[in-house]
Amino acid sequence: HLENRRQVPASRYPRHYGPRAPSFSRATLAAGGAGAALFVSGTASIVGHETVHAGVLEAQIDETLRNLDAVIDEARRLASWRIPALCGFAQVKIYLRHAGQLGVARERLSGALPRASATIYLEAEICRTDLLVEIEGVAPADKRSFVEDLSLLDASALSEEIERVDCGIETGIEIECP
């Protein structure tokens, strides 16, 4: 499991977040040859343990990208394979608190996610009420195999799930084969 040098480890969060510290990792490096991957957990605009830029989506996106860069840097330090920048991830999910902010989010993230194979925007409740966006992603060691392993059945199941939970947010999935 990996931590983010810009954030307090979840196990050391102050008590005002709850009676017990949360239990999660910022990211996980899974070893295993062709199955090796970096899984980055939902990352948001948090520095230390505090939300920054409350209520300002563009600033929260920028801070979230800085946090993602810090986690990716830590993964690069430890991995035995080349970890790409966020734009080279095989899958990225962007959770938005408000569906009406989709256009702003897409515009702000367009430079960071131009080559992500599967980019999904979802409207969702985010862990803190003052957070407007959270981003997670997967960077497999073998991106081509990861994308090829996505079967039509997987795509159909994903499409059905998106339709089931869709609350009016426009959802797009873009696939690019490396």
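Determine if segment 33-47 includes at least one residue that is part of a strand (DSSP E or B) and over 18 Å from the mean Cα position of the chain (by Cα). Give the derivation first.
Within segment 33-47, the subset part of a strand (DSSP E or B) is 37-43, 46-47.
Add one more test, that the residue is over 18 Å from the mean Cα position of the chain (by Cα), and what stays is none.
Scanning segment 33-47 turns up no residue that is part of a strand (DSSP E or B) and over 18 Å from the mean Cα position of the chain (by Cα).
Does at least one position in segment 83-93 carry a residue that is assigned to a loop (DSSP other than H, G, I, E, B), surrounded by 14 or more Cβ atoms within 10 Å (Cβ to Cβ), touching a residue at least 12 places away in the same chain (Cβ under 8 Å) and touching a Leu at 6+ places or on another chain (Cβ under 7 Å)? Show your work before the answer.
The first filter runs over segment 83-93 and keeps only residues assigned to a loop (DSSP other than H, G, I, E, B), leaving 83-85, 89-90.
Subset that is surrounded by 14 or more Cβ atoms within 10 Å (Cβ to Cβ): 83-84, 89-90.
After this cut, where a residue has to be touching a residue at least 12 places away in the same chain (Cβ under 8 Å) as well, the list is 83-84, 89-90.
Next, only the ones that are touching a Leu at 6+ places or on another chain (Cβ under 7 Å) stay: 83.
The answer is yes; a qualifying residue exists.
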Here the residues within segment 1-23 that are surrounded by fewer than 16 Cβ atoms within 10 Å (Cβ to Cβ) and in contact with a strand residue (DSSP E or B) (Cβ under 9 Å, 6 or more places away or on another chain) are His1, Arg6
Residue hits (segment 94-121; under 14 Å from the mean Cα position of the chain (by Cα) and either crowded, with 18+ Cβ neighbours inside 10 Å or without any contact (Cβ under 8 Å) to a residue 12 or more places away in the chain (or both)) are Ile94, Tyr95, Leu96, Ala105, Leu109, Ala112, Leu113, Ala116, Ser117, Ala118, Thr119, Tyr121
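From the list Glu107, Glu63, which residue is at pLDDT below 95 and in a helix (DSSP H, G or I)? I'd like the intermediate steps shown before the answer.
Values: Glu63 fails: at pLDDT below 95.
The unique qualifying residue is Glu107.
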Of (1) on the phi < 0 side of the Ramachandran plot; (2) in contact with a strand residue (DSSP E or B) (Cβ under 9 Å, 6 or more places away or on another chain); (3) surrounded by fewer than 16 Cβ atoms within 10 Å (Cβ to Cβ), Gly48 fails just (1)
Result of the Cβ filter at 6 Å on segment 123-141, keeping first residues that are within 15 Å of Ala59 (Cβ to Cβ) and open to solvent by 40 Å² or more (accessible area, probe 1.4 Å) and partners that are part of a loop (DSSP other than H, G, I, E, B) and among the small types (Gly, Ala, Ser), at least 6 apart or interchain, is Asp130/Ala54
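The values are calculated or read from the model by the stated rules, or taken from the named source; none is laboratory data. Only a predicted model underlies this, so the values are computations on that prediction, with no experimental measurement involved. Heads up, the Cβs are rebuilt from the backbone with ideal geometry, glycines too, and the neighbour counts pull from every protein chain shown. Calculation scope for accessible area: heavy atoms of the full protein, side chains included, ligands and nucleic acids excluded. Shrake-Rupley method; radii C 1.70, N 1.55, O 1.52, S 1.80 Å.
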